[in-house]
Structures are given as structure tokens and as C-alpha cells.
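Colleague: First the structure, which I've put down as C-alpha cells, then a few questions once you've had a look.
The values are calculated or read from the model by the stated rules, or taken from the named source; none is laboratory data. From a predicted model like this one, the values you see are computed outputs, not experimental measurements. Every residue, glycine as well, gets a Cβ built from its backbone with ideal geometry; the counts of neighbours run over all protein chains shown. Areas reflect the complete protein model, heavy atoms only, side chains present, ligands, DNA and RNA absent. Shrake-Rupley method; radii C 1.70, N 1.55, O 1.52, S 1.80 Å.
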Amino acid sequence: MKLSHRLQSISDLITKPYDHIWDCCCDHGHLGIHLLMAQKAEHIHFVDIVPDLMAELEATLTQHFSPDQLANRDNHISQHWHVHCMDVGQLPLNQYSDRHLVVIAGVGGELTQTLIEAVISNNPNMSFDFLLCPVHQLFELREYLGKGDFAMIDEKLVEENRRFYEILHVSYQPDCSELAHTYSPTDKVSAVGNKIWLANSEQDKRVIEQYKQRTLAHYQRISYGLEKQGKPNSVAHIIEHYQAV
């Protein structure tokens, strides 16, 4: 299965060992199926709230990824897939004591934050990682992460079909968890990002510059609209952050 550049980039950031990966808002399950085939974790969970989609996905997984078929791929690795038709906020992470990665992609930053808060609320005193790829509202999401018990593991900027995506791999470590303060304060999530602005090629430079200009133009339009309506300029500080990059 050939993944889109965005989904492949999400997969490429999964380099840490996990026991459970939760592919949330998984739609047709393309990313989760790839993670299953790539043996990224012993347990791959497919999560979405749409019953018809999940029934179709479960039928596909049953047909092509039965326990016997998985065992034949690699006799040394025991893999399992699980389909959950449920709200992402209700993930039962606390039923397992293992290492978890929760992937939330393809929804807005505001909804992503809401889902993160729900997952944390329903799994108190646990540490786990998130892999996030929202479609917009990145600054607001990053600002929320930067103020909370989150540490940046890795981040990446990708372009696909003339759209830009930030992928954020973060660790959640509440003070009460045994993993608290594993990361240093310098690993706090930046409101505009750090590594995503570092270019390794001319292509990277082009993507970075286009993304910066498009992002600035977006907030400048909002700023102009607010000023025209005589409202407080609530995005002036955001523009300053991006101009300082």
C-alpha cells in the first residue's frame, strides 16, 4: 500500500518503541494498515466514530490480516489489530500498562486540542505520546501544548498537493507520572516551531518560505478584518512570532 506523502511522513516519525499505537480518526485505516505491515507496534488500534466505516474496515482487516497471515509474515513478531467504533476521548489507555502512542490527524487544531484534553482526562496519571497532524490552527494548538505537561520529541513540515502540514510528535508527562521530567525544559513545545524551519535542501528552503509567507498572510488578513471592524487585534502577537522566525 502506497501512502500519501503526509501519511508516510507521519509513519516515518514513529521511531520509538511502542506496545500500542492508536490511529484515531482513521477513516479508511490506510495509516494504521501501513503501521501494521511495518510492524511499528505489537498492537495497532483503529479508532473512528463512524459505524459504517469501521464495519468496512474491520471486514478488510479480517480478510487480509488474520492472525495466521500476520504470523506468516514474521514468525518472531506477534501482532494484533483492534477496531474501536468510539469517540477518541474515550480511549481506554488505562486498561494497559504499556507504552502508548495516540495518533490524531486530519482534523482542526481546536478539535485536536479537545480530543487531547479528553484522552488525558479519561486516563489520569498516565504518560503517553501523541503524534499530531492538524489541518489548521497550528499556533493555537502549539500554544496549548507549550503551556502544558508536554515535551517535543520531533516535528516536521511537509507539503502535499499545495497544502502544508506540521507533524508534531510530543510526549505527555504529568507531574504525578513516573516519567515526569524525563525531558528538559528546552524540549517545551514552541508556539511556532523550531526544527520545521531548518532546511536541509533547496527544496526544503522553498517549502519553508512558502509556508511562512502563507501563514503570515492568513493572520494578516485576520488582523486587517479585526481592525476594520474596530475589534481588538487578537492575532498581532501571532504575526510577531512568525515574523521573528
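Colleague: Per DSSP H run of at least 4 residues, take -39500 (n - 2.57); add these up for the chain, divide by its residues and hand me the 222 nm value, nearest 500 deg cm²/dmol.
Modeller: Estimated from H runs of four or more residues: -12000 deg cm²/dmol.
Colleague: Report the residue, chosen from Met54, Met126, Met37, that carries the largest GNM mean-square fluctuation when the chain is represented by alpha-carbon nodes joined by springs under 10 Å.
Modeller: With Cα springs under 10 Å in the chain, the top fluctuation among Met54, Met126, Met37 is at Met37.
Colleague: Set Lys and Arg Cβ to +1 and Asp and Glu Cβ to -1, take the dipole of the chain about its Cα centre, and tell me which of His84, Gln63, Ala217 lies farthest positive.
Modeller: Going by the charge dipole, the pick is Ala217.
Colleague: May I ask what percent, to the nearest 5, of DSSP beta bridges between residues of the chain are antiparallel?
Modeller: Numbers: 15 of 37 bridges.
Just about 40 percent of them are antiparallel.
Colleague: If you place +1 on the Cβ of every Lys and Arg, -1 on the Cβ of every Asp and Glu, and leave all else neutral, what size is the dipole of the chain about its Cα centre, to the nearest 20 Debye? Present the calculation step by step, with values, prior to reporting the outcome.
Modeller: Values: 20 positive and 32 negative charges, 199 e Å.
Here the chain has a charge dipole of around 960 debye.
Colleague: Please identify, among His82, His64, His136, the residue showing maximal mean-square fluctuation in a Gaussian network model of the chain using a 10 angstrom Cα cutoff.
Modeller: His64
Colleague: Counting only heavy atoms of the protein chains, get the accessible area per residue of segment 108-245 (1.4 Å probe) and round it to a whole Å² value.
Modeller: Accessible surface, normalised per residue, equals 54 Å².
Colleague: Now a separate question. Let me see the P(r) profile for segment 132-245: every Cα-Cα distance counted, bins of 5 Å, each bin given as a percent of all pairs.
Modeller: P(r) over segment 132-245, rounded to whole percents: 2, 10, 19, 20, 18, 13, 9, 5, 2, 0, 0.
Colleague: For the chain, which longest stretch is free of loop sites, where a loop site is one of the trypsin sites (Lys or Arg not before Pro) that DSSP puts outside H, G, I, E and B and that has at most 13 other Cβ atoms within 10 Å? Don't skip to the end; give the middle numbers.
Modeller: Details: sites that count: Lys2, Arg162.
Longest gap between qualifying sites, sites excluded: 3-161.
Colleague: Also, I was wondering about something else. In straight Cα distance, which lysines are under 23 Å from Lys156, not counting same-chain residues fewer than 8 positions off?
Modeller: Lys2, Lys16, Lys40, Lys147, Lys188, Lys195, Lys205, Lys212
Colleague: For the chain, set up a GNM with springs between Cα atoms under 10 Å and report which of Val88, Val107, Val235 has the largest fluctuation.
Modeller: So, out of Val88, Val107, Val235, the one fluctuating most is Val235.
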